[in-house]
Amino acid sequence: MLEKSKTYEKSAPRVYIRTFGCQMNVRDSEFVAGILIDNGFTMVKSADSADVILFNSCSVRKHAEERVFGNIGQLKHLKRKRPELVIGLIGCTAQAYKEKAIERSPLIDIVCGTGDEAGLPRLIKDLLKHRRRIVAVDKIGRPKPELFPKFRDGKIKATVSIGEGCDNFCSYCIVPYVRGRERSRDAKNIIKEVKSLAGRGFKEILLLGQNVNSYRAGRGKDFIAILEDLNKIKGIERIRFMTSHPKDAHAELFKAMRGLDKVCEHLHLPIQSGSDRILKLMNRGYTSGKYLKLVEDYRRIVPGGSITTDIIVGFPTESERDFKKTCALLEKVGFDSAYTFKYSPRPPAKSSVLEDDVSSGVKEERLRSVMELQRKISAGRSEKVVGTLVEVLVEGPGRKPGDLAGRTRSNKNVSFEGKKGLIGKTVRVEIVSAEPYALKGRLA
Ligand code: SAH
Ligand code: SF4
Ligand code: F3S
């Protein structure tokens with residue numbers, strides 16, 4: 001039992017959400033904030049002024065879990081000062097740990113899994129009233145209720161989930177276990193949401209799914225049909241999507257990217273490893289040869305398009321030879337950027353039974369070396385844009401006073417001098433200099 005406090009019954013409880021993990025989690029936090037606001041809660045921007053602190057957590061690597069529990073632990077003093085403070089763990093780690101989360105961190109009052117988040121307004125109200133700990137983790141794998149909360153973090157770009165969960169069971173990955181089976185959202189709800197965002201002035205939409213290419217719902221519509229429908233919505237200027245799985249991506253998707261004017265020329269296509277032996281152990285369902293063929297199709301069909309990827313180093317049994325193959329593939333493709341990770345065993349994911357036999361020193365060294373290589377490749381890719389004219393959607397002020405910042409259609413960061421009035425507008429910019437991950441330009 002927690003201590004009682006009378007203060008909540010009168011005023012709107014103030015909630016602070018801290019988010020870890022991927023874009024899905026960022027979107028989920030926004031959704032949770034939206035339904036809490038719609039149910040009379042107030043969102044605040046710091047833990048100090050909050051009555052309720054929610055940690056939306058990620059379990060994709062052990063380090064991510066440790067960070068969230070570490071952060072919760074740091075609230076010990078605040079909780080001692082204010083025993084009525086509610087601390088909640090939501091999202092993927094909540095789903096993975098269930099009631100064990102409280103054993104690991106007794107400061108936690110509420111554990112809410114990935115399928116139960118729509119119930120949070122009621123769960124938190126119950127908790128504030130009865131002061132009894134809550135564990136709600138049973139609804140994993142259910143479709144999220146179509147609540148359409150109005151709250152959004154930004155004004156220009158918005159993310160829209162087109163489905164949840166994953167059926168791919170890559171051997172290293174915990175996502176299918178914490179997000180449940182793949183389910184596609186009904187096309188009419190996606191279209192309704194994007195139309196409403198367009199009506200409110202949003203210009204760019206990022207469609208989210210663990211594997212967008214396997215989207216299928218609402219009168220047999222596939223992902224390309226969704227892109228075609230969304231491309232017609234007035235007011236929306238840019239459409240992006242992630243993540244594409246190489247086993248399901250194909251030339252038809254690239255043709256849609258070329259043919260649909262709002263769909264931006266950026267493909268995030270995680271390769272994970274350049275070694276076929278490792279790819280097989282990872283249960284990825286493609287070879288490096290098939291991947292390279294896809295890249296060739298993409299480059300031919302979408303000229304000037306960018307391509308980014310994810311890499312894991314130090315998967316069990318990865319030899320120096322396997323790792324060299326990854327490096328060679330990186331060079332061959334010439335990715336615009338790559339997210340690189342050290343392998344982390346994630347039970348119950350299948351690979352966790354394999355001995356984690358690449359030492360942490362070797363993982364560290366491979367990570368450093370692959371990042372260095374990618375930095376050079378990215379620098380080369382950025383250099384190529386210098387002297388060209390690009391279209392930039394201005395997203396806000398830049399780091400330097402007087403600067404604006406935005407992205408190209410290929411998703412590269414650009415900063416340039418300009419008036420604040422241009423925020424939200426699409427402008428033409430001449431690129432004058434480049435760093436590996438940022439471009440500088442001037443208004444054309
Ligand atoms: N559905 C997406 C995102 C998965 S999670 C996809 O398939 O790409 C994002 C990235 O985290 C993965 O692409 C992978 O590179 C990395 N990752 C997942 N599990 C991991 C693990 N156990 N250890 C290290 N990196 C991991
Ligand atoms: Fe994980 Fe693979 Fe699914 Fe991506 S596709 S979420 S890496 S199981
Ligand atoms: Fe995303 Fe991490 Fe969950 S990567 S799906 S928040 S385990």
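The values are calculated or read from the model by the stated rules, or taken from the named source; none is laboratory data. Just so it is clear, the model here is predicted, and its values are computed rather than measured. Note that we place each Cβ from the backbone using ideal geometry, even for glycine, and neighbour counts take in every protein chain shown. Surface areas here come from the heavy atoms of the whole protein model, side chains and all, with no ligands, DNA or RNA. Shrake-Rupley method; radii C 1.70, N 1.55, O 1.52, S 1.80 Å.
Listing for the model above:
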quantity	calculated
In the range 17-29, residue least open to solvent (accessible area, probe 1.4 Å) [restricted to those that are outside any loop (DSSP other than H, G, I, E, B) and over 18 Å from Lys150 (Cα atoms)]	Thr19
Qualifying positions in the range 84-95 - over 30 Å from Ser161 (Cβ atoms) and surrounded by 18 or more Cβ atoms within 10 Å (Cβ to Cβ)	Leu85
Evaluation of Tyr172 against (1) within 16 Å of ligand 1 (Cβ to nearest atom); (2) within 19 Å of Gln23 (Cα to Cα); (3) not small (Gly, Ala, Ser) (one fails), failing number	(2)
Flag for Asp167 being under 30 Å from Asp51 (Cβ atoms) and surrounded by fewer than 17 Cβ atoms within 10 Å (Cβ to Cβ)	no
Test: Ile224 is closer than 16 Å to Glu146 by Cα, away from ligand 1 (no atom under 16 Å from the Cβ) and of a type in the set (A, V, I, L, M, F, W, C)	no
Residue pairs meeting the criteria (Cβ under 7 Å; at least 6 apart or on separate chains; first in the same structural domain as Phe69 (by TED's automatic domain parsing), in the range 82-106; second β-branched (Val, Ile, Thr) and open to solvent by 50 Å² or more (accessible area, probe 1.4 Å))	Gln95/Ile140; Lys98/Val135; Glu99/Val135
Residue in the range 181-194 that is open to solvent by less than 10 Å² (accessible area, probe 1.4 Å), modelled with pLDDT of 95 or more and either assigned by TED's automatic domain parsing to the domain that holds Gln95 or not aliphatic (A, V, I, L, M) (or both) present	no
The range 285-319, residues that are within 16 Å of ligand 2 (Cβ to nearest atom) and either within 20 Å of the chain's Cα centre (by Cα) or within 15 Å of Gly334 (Cβ to Cβ) (or both)	Tyr291, Leu294, Thr308, Thr309, Asp310, Ile311, Ile312
Qualifying residue in the range 146-157 (condition: within 16 Å of ligand 3 (Cβ to nearest atom), open to solvent by 70 Å² or more (accessible area, probe 1.4 Å) and in a loop (DSSP other than H, G, I, E, B))	no
Candidates Lys76, Lys45, Lys98, Lys81, filtered to the one that is surrounded by fewer than 18 Cβ atoms within 10 Å (Cβ to Cβ), of a type outside the set (Gly, Ala, Ser) and within 27 Å of Ser351 (Cα to Cα)	Lys98
Residue within the range 30-42 that is open to solvent by less than 40 Å² (accessible area, probe 1.4 Å), in a helix (DSSP H, G or I) and over 22 Å from Gly113 (Cβ atoms) present	no
